[in-house]
Amino acid sequence: MINVTSPFLPPKEEYLAYVDEIWKRNWLTNNGPLVNELELQLKRYLQLDHLLFVNNGTIALQLAIRALDLKGEIITTPFSFVATTTAILWEHCTPVFVDIDKDTFNIDPKLIEQAITPNTSAILATHVFGNPCDIDAIDAIAKKHKLKVIYDAAHCFGTEYKGKSVLAYGDVSCISFHATKLYHSTEGGGVVTNSPDILKKMARMRNFGHAGPYNFEGIGINGKNSEFHAAMGLCNLKYADDILEDRAQSHELYNLRLANLPLTQQKPTSHSTQNHAYYPIVFNSEETCVAAAKELEKQGVYTRRYFYPSLNKLEYIPDTHCKVSQSISERILCLPIYHGISEAEIDMICRYLKRYFQYKS
Ligand SMILES: Cc1ncc(COP(=O)(O)O)c(C=O)c1O
């Protein structure tokens, strides 16, 4: 059986060495030394000024919305994981969907201005599959209309835009360190900002609003993460370069093997680097896509319709139409890619796909 993803695990002894330290200190959570160490190392690795380690990428989005004090309408993408939309709704704001670019799969900046109303407070855009949005265009619109920008950078570990980590852009960027991500801390996430004030606010909000042992400033939530999660993050960070390199090779192999099939692929954004977090392919029709997934499953290969459905079609969203996002959602499949997937396994998956196209009619 080959799954669409498989979490990276560091050598067990390396994790257990951290566990020994935790046992000796008996300090399990509440901003412990391993959490602080991980924040420092992540900032160094990703070349960022500020980053807070939080308990997941969804809370990261909610903290960002709260810390920026967003109200009313938030312009967002329909082509993302459901958490991008639910974070907006959970914070009592209204998502306003703007369709995506057919090549990059990211929100189409050309369509943003027409969706702005007097109630719009922000743009929340996802760098889909780690492919950066058209950041310059989004920032120009945000400045012109005095809107805040949050990037859902859940997929973006190691991705750069114009020579800097993509996390360095926007008022706040949010990343996920969930076990399925290429770099992870089992569960986990991060908020990144260039503003010391917003950072301070998010740090307080992450910890129930504590501004001292008996002193609370504003409403907070429990967004903290534990020493055990930080330990996993510290172990895995040592392997981040290898993981990125290995995925680039797997990506290249898929590209070579699938080159002549009737499939389209996401186009990398200009001035960006890719982390190869996913291997999405787009079929000509939904029927072909679903049938191919079934065929692969029969052979023990588990793909994922990621992202499906288009978020503007969620049952709790008023009926809206986003033609491009809906069309791509219906026809996209992510193929297995993870650290350690072998050349033979990729060859086999590609052979199954080729055979499917050969005999499908
Ligand atoms: C685009 C996107 N946003 C947000 C999240 C939520 O992250 P987490 O699972 O860490 O809460 C995910 C997780 O898969 C995601 O893919």
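The values are calculated or read from the model by the stated rules, or taken from the named source; none is laboratory data. These numbers come from a predicted model, not from an experiment. Cβ: placed from backbone, ideal geometry, glycine included. Neighbour counts: every protein chain shown. Surface areas here come from the heavy atoms of the whole protein model, side chains and all, with no ligands, DNA or RNA. Shrake-Rupley method; radii C 1.70, N 1.55, O 1.52, S 1.80 Å.
Here Cys133 fulfils each of the conditions (1) surrounded by 24 or more Cβ atoms within 10 Å (Cβ to Cβ); (2) assigned to a loop (DSSP other than H, G, I, E, B); (3) in contact with a helix residue (DSSP H, G or I) (Cβ under 6 Å, 6 or more places away or on another chain) apart from (3). The residues listed here are Asn207, Asn255, Asn215; of these, the one that is surrounded by fewer than 19 Cβ atoms within 10 Å (Cβ to Cβ) and over 29 Å from Leu63 (Cα atoms) is Asn255.
Going by the conditions given, is Gly218 among the small types (Gly, Ala, Ser), in a loop (DSSP other than H, G, I, E, B) and more than 17 Å from the chain's Cα centre (by Cα)? It is true that Gly218 is among the small types (Gly, Ala, Ser), in a loop (DSSP other than H, G, I, E, B) and more than 17 Å from the chain's Cα centre (by Cα).
Filtering region 162-195 to residues that are open to solvent by less than 10 Å² (accessible area, probe 1.4 Å) and over 15 Å from the mean Cα position of the chain (by Cα) leaves only Thr193.
Selection of region 15-36 for residues being open to solvent by 20 Å² or more (accessible area, probe 1.4 Å), in contact with a helix residue (DSSP H, G or I) (Cβ under 8 Å, 6 or more places away or on another chain) and hydrophobic (A, V, I, L, M, F, W, C) yields Val19, Trp27, Leu28.
Is it fair to say Ile88 is open to solvent by less than 10 Å² (accessible area, probe 1.4 Å), within 15 Å of the ligand (Cβ to nearest atom) and of a type in the set (A, V, I, L, M)? Yes.
Going by the conditions given, is Asn225 outside any strand (DSSP E or B), farther than 30 Å from Thr303 by Cα and within 14 Å of the ligand (Cβ to nearest atom)? When the stated conditions are applied, Asn225 passes them.
Each residue in region 55-75 was checked for being away from the ligand (no atom under 11 Å from the Cβ) and either open to solvent by less than 10 Å² (accessible area, probe 1.4 Å) or in contact with a strand residue (DSSP E or B) (Cβ under 8 Å, 6 or more places away or on another chain) (or both), and 11 pass. Taken residue by residue, region 277-295 has no member that is part of a loop (DSSP other than H, G, I, E, B), in contact with an Asp or Glu (Cβ under 7 Å, 6 or more places away or on another chain) and either under 21 Å from Asp101 (Cβ atoms) or among the aliphatic types (A, V, I, L, M) (or both). Would you confirm, using the coordinates I've provided, whether Thr117 is over 15 Å from the mean Cα position of the chain (by Cα) and surrounded by fewer than 18 Cβ atoms within 10 Å (Cβ to Cβ)? For Thr117, the condition - over 15 Å from the mean Cα position of the chain (by Cα) and surrounded by fewer than 18 Cβ atoms within 10 Å (Cβ to Cβ) - is met.
Scanning region 218-252 for residues that are within 30 Å of Lys24 (Cα to Cα) and either surrounded by 15 or more Cβ atoms within 10 Å (Cβ to Cβ) or in contact with a helix residue (DSSP H, G or I) (Cβ under 6 Å, 6 or more places away or on another chain) (or both) yields a total of 18.
Glu295 - would you say it is open to solvent by 20 Å² or more (accessible area, probe 1.4 Å), free of Cβ contacts under 8 Å to residues at least 12 places away in the same chain and under 18 Å from Lys360 (Cα atoms)?
In short, no.
The lone criterion from (1) open to solvent by less than 50 Å² (accessible area, probe 1.4 Å); (2) in contact with an Asp or Glu (Cβ under 9 Å, 6 or more places away or on another chain) left unmet by Glu39 is number (2).
Scanning region 124-140 for residues that are without any contact (Cβ under 8 Å) to a residue 60 or more places away in the chain and away from the ligand (no atom under 15 Å from the Cβ) gives Ile135, Asp136, Ala137, Ile138, Asp139, Ala140. Of the residues making up region 258-281, those that are surrounded by 13 or more Cβ atoms within 10 Å (Cβ to Cβ) and more than 27 Å from Leu167 (Cα to Cα) are Leu258, Leu261, Leu263, Thr264. Highlighted here are the helices (runs of 4 or more DSSP H) found entirely within region 1-107 that include at least 1 residues which are at pLDDT 95 or above and more than 21 Å from His184 (Cα to Cα): 12-25, 57-67, 82-90.
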